[in-house]
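Chemist: Input: one structure, supplied below.
Computed from the coordinates by the stated procedures, all read-outs in this text should not be read as laboratory data. If you're wondering where the values come from, they're calculated on a predicted model, not measured in any experiment. Note: ideal-geometry Cβ built from the backbone for every residue, glycine included; neighbour counts use all protein chains shown.
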Amino acid sequence: AKARGRNGYRFYAPAMSGDGELRLRMEALLRRAIDKDEIHLAYQPQVEIDSGRLIGVEALLRWNSPELGQVAPSSFIPLAEDTGFIGQLGQWVLQEACRQMVAWEARGLAVPKIAVNLSVRQFERGGMAAAVAGVLQDTGLAPQRLQLEVTESVIMNTGDALQYVNDLHAVGVCLAIDDFGTGYSSLAYLKQLPVQTLKIDRSFIKDIPQDPDDEAIAIAIIQLGKSMNLSVIAEGVEREDQAAFLLRHGCNLAQGYLYGKPLAHGEILARWGVEQNA
Ligand code: C2E
Ligand code: CA
Ligand code: CA
Ligand code: CA
């Protein structure tokens with residue numbers, strides 16, 4: 001296997017070379033995964049807490065490899081980022097997500113919005129706005145029904161972030177800051193960005209109502225969103241007491257296992273299709 005010089009691997013050759021080989025193998029398999037139909041999207045519902053109404057879905061990548069089994073996005077996405085394959089993968093996600101929205105609609109379910117995650121590598125390369133415009137054109141999805149999610153760290157670590165975000169805004173898509181509160185971001189900088197949504201990171205929701213610090217942070221984010229006229233959605237909502245807390249503090253949007261795990265497109269249709277037609 002090719003030597004991976006970086007972290008002093010040579011001192012731990014037996015164990016680490018195994019990891020390196022797995023990485024190389026995974027990389028090779030991942031590159032073929034799209035063509036072999038091993039990749040698909042799961043869709044996690046986003047709802048209004050008080051009414052239960054579906055306000056959107058987040059598209060989440062899934063890789064079911066015959067050789068490796070189900071591989072978590074947290075392991076193959078960083079790999080795709082390191083190897084540059086994320087460009088192709090991200091383009092596939094965008095296309096598939098938009099296509100699915102149109103397909104649902106043809107079956108009678110108008111999902112208001114679909115959220116798609118953008119990785120730093122896609123973002124920093126520029127040209128994202130043109131790619132997004134192309135996919136919208138191809139699929140016929142209205143731009144305001146596509147929400148792109150970028151993390152604070154993506155924005156803060158990209159030199160021309162303001163320009164790129166403005167370009168995307170000009171295409172007419174919605175922008176959300178993902179994992180809000182976990183990154184290092186300047187609020188003054190944030191103020192300049194044409195974003196519409198803040199997503200409160202799951203780490204702040206997880207221990208509500210046991211942890212007063214997390215409660216304080218969640219409240220602060222909700223207030224910040226309000227004062228900046230942004231919508232705020234909480235992620236990782238698993239229990240009713242968390243939902244009640246959010247509602248009490250003025251956040252009516254949530255995503256989490258309480259409302260649904262990431263689902264197959266047919267499950268979204270089965271659960272919300274009939275209801276919306278009634
Ligand atoms: P994320 O964007 O923060 O996505 C939310 C993650 O939290 C998802 O994990 C989702 O399954 C999980 N989750 C949602 N609700 C709950 C809950 O109530 N409890 C718990 N414990 N977990 C919950 P997943 O699907 O494993 O994705 C992990 C990360 O991988 C995502 O975090 C995102 O950063 C990345 N990712 C997934 N799909 C894509 C993609 O298409 N492109 C890019 N660039 N990144 C993606
Ligand atoms: Ca996300
Ligand atoms: Ca998130
Ligand atoms: Ca997260």
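Chemist: What whole-number value in cubic angstrom gives the convex hull volume per residue for the C-alpha atoms of region 117-177?
Modeler: 67
Chemist: Something else now. Fully extended, how many nm does the chain gain between Arg271 and Gln196 (0.36 nm per residue separation, minus their Cα-Cα distance)?
Modeler: Contour length minus Cα-Cα distance gives 24.3 nm.
Chemist: Still on this structure, I have one more. Taking θ = phi - 60°, what integer Hz values does the Karplus form 6.51 cos²θ - 1.76 cosθ + 1.60 yield along region 79-85, in sequence order, with x for Gly and Pro?
Modeler: Each residue of region 79-85 in turn: 5, 4, 5, 5, 8, x, 5 Hz.
Chemist: Please list log₁₀ I(q)/I(0) at q = 0.15, 0.21 Å⁻¹ for region 164-278, using the Debye equation with identical point scatterers on the alpha-carbon positions.
Modeler: -0.75, -1.14
Chemist: Counting helices only, and only those DSSP H runs with n ≥ 4, report the 222 nm mean residue ellipticity of the chain as the sum of -39,500 (n - 2.57) divided by its residues, in deg cm²/dmol to the nearest 500.
Modeler: -13500 deg cm²/dmol
Chemist: For Arg53 and Ala216 in one chain, what is 0.36 nm times their gap in residues minus the Cα-Cα distance, to one decimal in nm?
Modeler: 56.0 nm
Chemist: Taking the alpha-carbon centroid of each part, what is the distance from region 224-278 to region 19-44 in angstrom?
Modeler: If we compute the Cα centre of each part, the gap is 30 Å.
Chemist: With a/c under 1.5 counting as rounded, go ahead and sort region 217-278 into rounded, prolate or oblate using the C-alpha gyration tensor (a ≥ b ≥ c being the square roots of the eigenvalues; past the cut-off, prolate if a/b is larger than b/c, else oblate).
Modeler: Taking the square roots of the gyration eigenvalues as a ≥ b ≥ c, region 217-278 is prolate.
Chemist: Lysine pairs, Cα distance under 16 Å, 8 or more residues apart or cross-chain: how many in the chain?
Modeler: 5
Chemist: Once amide H atoms are placed 1.01 Å from N in the peptide plane, what residues at a sequence separation of 5 or more from Ala234, or on another chain, have their amide H within under 5 Å of its amide H?
Modeler: Distant-sequence amide H within range of Ala234: Ile200, Leu253, Ala254, Gln255.
Chemist: For region 68-192, what's the relative contact order in percent, using C-alpha pairs closer than 8 Å and at least 6 residues apart?
Modeler: 24
Chemist: I would also like to ask the following. Contour minus end-to-end for Leu224 and Asp19, with contour as 0.36 nm per residue of separation and end-to-end as the Cα-Cα distance?
Modeler: Working it through step by step, the gained length comes to 69.5 nm.
Chemist: Could I ask something else about it? Report the Rg/Rh value for region 16-69, based on alpha-carbon coordinates and the Kirkwood definition of Rh.
Modeler: 1.25
Chemist: State, as an integer percentage, the relative contact order of the chain based on alpha-carbon contacts under 8 Å between residues 6 or more apart.
Modeler: 18
Chemist: Which whole-Hz ³J(HN,Hα) couplings does region 177-194 yield from phi under the Karplus relation 6.51 cos²θ - 1.76 cosθ + 1.60, θ = phi - 60°, glycine and proline marked x?
Modeler: Once rounded to whole Hz, the list reads 9, 7, 6, 4, x, 8, x, 10, 9, 8, 5, 5, 5, 4, 4, 6, 7, x.
Chemist: OK, next. If the label point is 7 Å along Cα→Cβ of Gln137, which residues in region 89-113 have backbone nitrogen under 16 Å from it?
Modeler: Those under the cut-off are 95.
Chemist: What does the highest-first list of 187-199, 57-69 look like by mean Cβ count within 10 Å?
Modeler: Descending packing order for the listed peptides: 57-69, 187-199.
Chemist: For region 54-206, what class follows from the C-alpha gyration tensor (a ≥ b ≥ c being the square roots of its eigenvalues): rounded when a/c is under 1.5, otherwise prolate if a/b is larger than b/c, else oblate?
Modeler: rounded
Chemist: Turning to a different aspect of this structure: At q = 0.10, 0.16, 0.17 Å⁻¹, what base-10 log of I(q)/I(0) does the Debye formula yield for the chain when every alpha carbon is treated as an equal point scatterer in vacuo?
Modeler: Calculated log10 I(q)/I(0) at the listed q: -0.57, -1.34, -1.44.
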